[in-house]
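Student: I'd like to ask you about the structure that follows.
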Amino acid sequence: MDTLAERLETWVEAGLVSPEQAESIASFEARRSDHTGFSPATPRALELEGQPDARSRTTTASPPRAARPARPARAGRDRTSLAEAIGYVGAALALGAIALLLGELWSDLLVGGRLALVGVLTVAVFGAGLALRGAERGAMRRLTSVLFAATVAGVGWFAGVVANDLLDLGWAEIGVSVGGSMLVVAAVLYLWRGGALLQLATLGSALVTAGFALSLSDLQPDPVWYGIVFATIGLAWFVLASGGWLSPRGLGEVTGALAALLGVQVAAFDAAAVPALAIGVLGAGGLVWLSVHHDRLHYLVVGAIALFVLTPRLVFELFGDAIGAPATLLLVGLLLVLLAVGLGRARREVVHDQTEPQGGAS
């Protein structure tokens, strides 16, 4: 008959128990056997070699073998992956069928029919997300996030149909209705469930709502005001992510910085191009500095992109075509040197972090 140690090893390899659980079982059996006069060799390796009666011999302690990490049951992992793939394929087919139907029937549908169609689709997607909300596996959680993000899009679609077909509003009012409804739903779902897709949906809805809200004025605002609003939202998003209020934190920091960069780009189309570009370059330089001193590689990537985008425009705005090209080449060269320094610093810190535990152990 198999010994307890062999059974535990088999169970660990099959993923039925973890190494910690196997250790606990072996320790329990060792304590229980003390009351019967039998002392096992070790908690991890209870190996009896060829003796029919284990209690009649004295076992020799053998060195414990390295515990193998527990692996999840392969069948469960395959079923989860298959379910996720089926869900995505089914969603793609459904979207294709809906697109074909809408292309042929949308213009013939009355307002009530359009609202009913969009409402049913949105409720169905949201119900599917609710049905999977308690899933613990990563694949099902990803599928749930996709379904909730599709719910946000469906709510925006429904609001657009109401504003355009039912209320006959202008394009700015339609934009505010769509963006505002999506912002409310996305924010509520994000606060409830979290996740990258819902975070992106919330930020995108906020930018859309703010942009169309400025357009509601009878006097068309200058591009600088759109840029200020977008940059303010991006900066606030970046600060919230850096403070740990948004998760995933890295995604919030990157998207917030990119939104601020978008604001600078939009503001630079106005007469105040030089101040806007100068502020953007200073902000990008600040990100690079933070990346070097705080070992945040994504800061370095976003800051470098912003510098490469904004610096040539600022140089040409300041110096014109006369010396703009040589000055741009000089600045780009300096930026490349700065980028190399930052990447070297980040790589050195990563290698140091990986080797430090080993050095401490030795």
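Student: What ³J(HN,Hα) values, in whole Hz, does the Karplus curve 6.51 cos²θ - 1.76 cosθ + 1.60 give for region 187-195 when θ = phi - 60°, with x put for Gly and Pro?
Tutor: Computed from phi, the couplings for region 187-195 are 5, 5, 5, 5, 5, 7, 10, x, x Hz.
Student: Hey, how many Å between the Cα centroid of region 211-282 and the Cα centroid of region 285-307?
Tutor: Taking the Cα centre of each part, region 211-282 and region 285-307 sit 18 Å apart.
Student: Highest first, please rank the peptides 9-19, 206-216, 103-113, 152-162 by the mean number of other Cβ atoms sitting within 10 Å of their residues.
Tutor: Answer by packing, highest mean first, reads 152-162, 206-216, 9-19, 103-113.
Student: Here's something else I'd like to know. Cβ under 15 Å from G256's Cβ, G256 left aside: what net charge do those residues give with Lys, Arg +1 and Asp, Glu -1?
Tutor: Taking every Cβ under 15 Å from that of G256, the sum is +1.
Student: Moving on. Compute and list, largest first, the equivalent-ellipsoid semi-axes of region 127-205 from the alpha carbon gyration tensor, each √(5λ) rounded to a whole angstrom.
Tutor: The answer is 27, 12, 8 Å, longest axis first.
Student: Further question: Please compute the modelled spin-label separation between L219 and L93, points set 7 Å along Cα→Cβ, answer in nm with one decimal.
Tutor: For the pair L93/L219, the computed spacing is 5.8 nm.
Student: Given R₀ = 35 Å, what would the calculated FRET efficiency be for E317 paired with A153, taking r from the Cβ atoms and rounding to 0.05?
Tutor: My answer for the efficiency is 0.35.
Student: What residues have an amide H closer than 5 Å to that of V17, excluding those fewer than 5 places away on the same chain, when H is modeled at 1.01 Å from N in the peptide plane?
Tutor: Under 5 Å from the amide H of V17 lie the amide H atoms of V12, each far enough along the sequence or on another chain.
Student: Also, quick follow-up: Taking the Cβ of G243 as the centre, find all other residues whose Cβ is under 13 Å away and add up their charges (Lys, Arg: +1; Asp, Glu: -1).
Tutor: That sum, taken over residues with Cβ under 13 Å, equals 0.
Student: Quick one: with all protein chains in place, what share of the accessible area of region 132-239 is carbon or sulfur, to the nearest percent (1.4 Å probe)?
Tutor: 70 percent
The values are calculated or read from the model by the stated rules, or taken from the named source; none is laboratory data. The structure presented is a predicted model; accordingly, all values stated were derived computationally and were not measured. Every residue, glycine as well, gets a Cβ built from its backbone with ideal geometry; the counts of neighbours run over all protein chains shown. With ligands, DNA and RNA removed, areas are computed over all heavy atoms of the protein, side chains included. Shrake-Rupley method; radii C 1.70, N 1.55, O 1.52, S 1.80 Å.
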